[in-house]
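Report on one structure; see the data block that follows.
The values are calculated or read from the model by the stated rules, or taken from the named source; none is laboratory data. Note that the coordinates shown come from a computational prediction; the quantities given were computed from them, not determined experimentally. Backbone-built Cβ (ideal geometry, glycine too); neighbour counts: all protein chains shown.
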Ligand SMILES: [Zn+2]
Ligand SMILES: [Zn+2]
């Protein structure tokens, strides 16, 4: 009897290990939760063979899971489907195909699409849509109106894309119209391998949600170097709950920060919370002296951070740019060798975080208490 079970059991083990092996491993790409919110890592602009992408939809959640993302949206073009002779499913099909795999891996998959029109208004993504086939309309205004009717969160894609705007990044009257009719809620300030400072400025001025997305067409491994802390552009979303509803609320309430090539871009409120979550500072009494104070600074995140000392910090002998490597602790002394002043316990010094932008020409200022 037992003997009869051995073979089927071994076969089961073999099949089981085969199934769990095919998705690979998820890397620990840590961007910590901030005070009161989950930090979800998202890419909300992705293509498949159902438009001009090169991969089958099920690969997208697998890639996202392996890279350490939490949320994705497959946003195939409605108006551009070069493989439509071979890939005959309707506009909802790429989402339907990817959904079971996303659910299995715990990736939040948001139903989305790219409304692909010439400039103006150019390309826009509509997320949380219900039936994409209804958004396939001859007039662009009808497409936006239908997406709006379905409750979509809509954002302007790659506003500085050279193919549509050769010499300039321009805001058109059509965009003012979309904003006024609440059919534009956000803007990509990063797309693929480009950052648009002008779009960052507009996002702050016009109160739009800030987004950074990959717009990948090939596999993520073809398009980005993921070795070390390499990563695709990500939109960090600060949610009250880890769910599609949580993501939707956060996007409409503009709780996002863009992460691109190891640099953050976002509103000061969220950036300063993010810095506090990434960095821990503890007094180091052992190496503190009579006129000097030392601290240990730990970077819990997967992104290296860089601090530039302010004027007062320089007077206390901290004259060099300070590197806080990912997942590491450094020691820092104020009032040590070369200091012009004696440093008291609890004294604070200002620094600028070199790779955290709160406006196109402004970096986050932080205080470190010694
Ligand atoms: Zn596009
Ligand atoms: Zn696209």
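Looking only at residues in region 121-168 that are more than 14 Å from ligand 1 (Cβ to nearest atom) and within 19 Å of the chain's Cα centre (by Cα), which one is surrounded by the most Cβ atoms within 10 Å (Cβ to Cβ)?
If we take residues in region 121-168 being more than 14 Å from ligand 1 (Cβ to nearest atom) and within 19 Å of the chain's Cα centre (by Cα), then 127 is surrounded by the most Cβ atoms within 10 Å (Cβ to Cβ).
Kindly establish whether residue 192 is at positive phi, in the same structural domain as residue 247 (by TED's automatic domain parsing) and either within 16 Å of ligand 2 (Cβ to nearest atom) or crowded, with 18+ Cβ neighbours inside 10 Å (or both).
On the way: at positive phi: yes; in the same structural domain as residue 247 (by TED's automatic domain parsing): yes; either within 16 Å of ligand 2 (Cβ to nearest atom) or crowded, with 18+ Cβ neighbours inside 10 Å (or both): yes.
Criteria met by residue 192.
Residue by residue through region 30-55, note down the ones that are within 16 Å of ligand 1 (Cβ to nearest atom), over 17 Å from residue 221 (Cβ atoms) and in a strand (DSSP E or B).
So in region 30-55, the residues within 16 Å of ligand 1 (Cβ to nearest atom) come out as 43-48, 50-54.
So of that shortlist, the ones also over 17 Å from residue 221 (Cβ atoms) come out as 44-45, 50-52.
Passing the criteria: 44, 45.
Looking only at strands (runs of 3 or more DSSP E) that lie completely in region 200-282, which have at least 1 residues being free of Cβ contacts under 8 Å to residues at least 60 places away in the same chain and assigned by TED's automatic domain parsing to the domain that holds residue 39?
Values: elements: 209-213, 234-239, 256-260, 263-266.
Because the criterion is at least 1 residues that are free of Cβ contacts under 8 Å to residues at least 60 places away in the same chain and assigned by TED's automatic domain parsing to the domain that holds residue 39, the strands (runs of 3 or more DSSP E) in region 200-282 that meet it are 209-213, 256-260.
Only residues that are more than 16 Å from ligand 2 (Cβ to nearest atom) and either within 22 Å of residue 234 (Cα to Cα) or in a loop (DSSP other than H, G, I, E, B) (or both): list them for region 68-97, please.
Of region 68-97, the ones more than 16 Å from ligand 2 (Cβ to nearest atom) are 68-71, 84-90, 92-93, 96-97.
Hits for region 68-97 are 68, 69, 70, 71, 84, 85, 86, 87, 88, 89, 90, 92.
For region 316-358, which residues satisfy the criterion of being crowded, with 17+ Cβ neighbours inside 10 Å and more than 25 Å from residue 300 (Cβ to Cβ)?
Result: 316, 317, 335, 336, 339, 343.
Among the residues of region 214-240, which ones are more than 12 Å from residue 256 (Cα to Cα) and either crowded, with 23+ Cβ neighbours inside 10 Å or in contact with a strand residue (DSSP E or B) (Cβ under 7 Å, 6 or more places away or on another chain) (or both)? Even if it seems obvious, please write down each step before you answer.
Keep residues of region 214-240 that are more than 12 Å from residue 256 (Cα to Cα), which gives 214-233, 240.
Within region 214-240, 214, 215, 216, 223, 231, 232, 233, 240 meet the criteria.
Would you point out which residue out of 296, 340 is part of a loop (DSSP other than H, G, I, E, B), at pLDDT 95 or above and over 23 Å from residue 267 (Cα atoms)? Before the answer, list the steps.
Working: 296 fails: part of a loop (DSSP other than H, G, I, E, B).
The conditions single out 340.
One residue is enough: does region 349-363 have a residue meeting the conditions over 30 Å from residue 254 (Cβ atoms) and in contact with a strand residue (DSSP E or B) (Cβ under 9 Å, 6 or more places away or on another chain)?
yes
Within region 99-112, is there a residue that is within 14 Å of ligand 2 (Cβ to nearest atom) and under 24 Å from the mean Cα position of the chain (by Cα)? Explain how you work it out, then say what you get.
Narrowing region 99-112 to residues within 14 Å of ligand 2 (Cβ to nearest atom): 112.
Keeping just the survivors that are under 24 Å from the mean Cα position of the chain (by Cα) gives 112.
Yes, there is a match, as at least one residue in region 99-112 is within 14 Å of ligand 2 (Cβ to nearest atom) and under 24 Å from the mean Cα position of the chain (by Cα).
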